[in-house]
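Worksheet for the structure shown next.
The values are calculated or read from the model by the stated rules, or taken from the named source; none is laboratory data. None of these values were measured; they are calculated from a predicted model. Methodologically, a virtual Cβ is constructed for each residue, glycine included, from the backbone with ideal geometry; neighbour enumeration extends over all protein chains shown. All accessible areas refer to the heavy atoms of the entire protein, side chains included, with ligands and DNA or RNA removed. Shrake-Rupley method; radii C 1.70, N 1.55, O 1.52, S 1.80 Å.
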Amino acid sequence: MILARHPVQVTTVHPGGIKTAIARNAGAAEGLDAEQLAKTFDRLARTSPRRAAEIILDGVSKNRARVLVGTDAKVLDLLLRLTGSGAYQQLFLTVQRD
């Protein structure tokens with residue numbers, strides 16, 4: 001196979017809240033308060049874009065299959081591993097109500 005002579009490596013990035021304007025510039029699903037969602041995101045986002053880039057580039061340079069960006073991403077990953085995907089839905093509903 002020709003591809004065998006050109007190895008490809010893949011790194012998946014799982015970002016937590018990155019301090020950007022993405023939540024302010026995004027739309028919201030019908031029935032959800034876009035302003036409230038943006039405020040919640042602003043409270044949760046802790047990682048600067050510069051730090052996120054450093055973490056990602058470090059992971060890629062070390063050929064890591066997965067890179068978790070931010071403490072919140074690590075906590076969510078652990079929660080999902082311990083409890084399954086149903087925990088994510090419950091967490092989302094709880095944050096949405098705040």
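Evaluated against (1) surrounded by 13 or more Cβ atoms within 10 Å (Cβ to Cβ); (2) in contact (Cβ under 8 Å) with a residue 24 or more places away in the chain; (3) within 22 Å of LEU78 (Cα to Cα), THR12 falls short on exactly one condition, (1).
Here's the yes/no breakdown for (1) modelled with pLDDT of 80 or more; (2) open to solvent by 70 Å² or more (accessible area, probe 1.4 Å); (3) over 24 Å from ASP77 (Cα atoms); (4) over 15 Å from the mean Cα position of the chain (by Cα):
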{"residue": "MET1", "(1), (2), (3), (4)": "no, yes, yes, yes"}
{"residue": "THR20", "(1), (2), (3), (4)": "yes, no, no, no"}
{"residue": "ARG24", "(1), (2), (3), (4)": "no, yes, yes, yes"}
{"residue": "LEU37", "(1), (2), (3), (4)": "no, no, no, yes"}
{"residue": "THR47", "(1), (2), (3), (4)": "yes, no, no, no"}
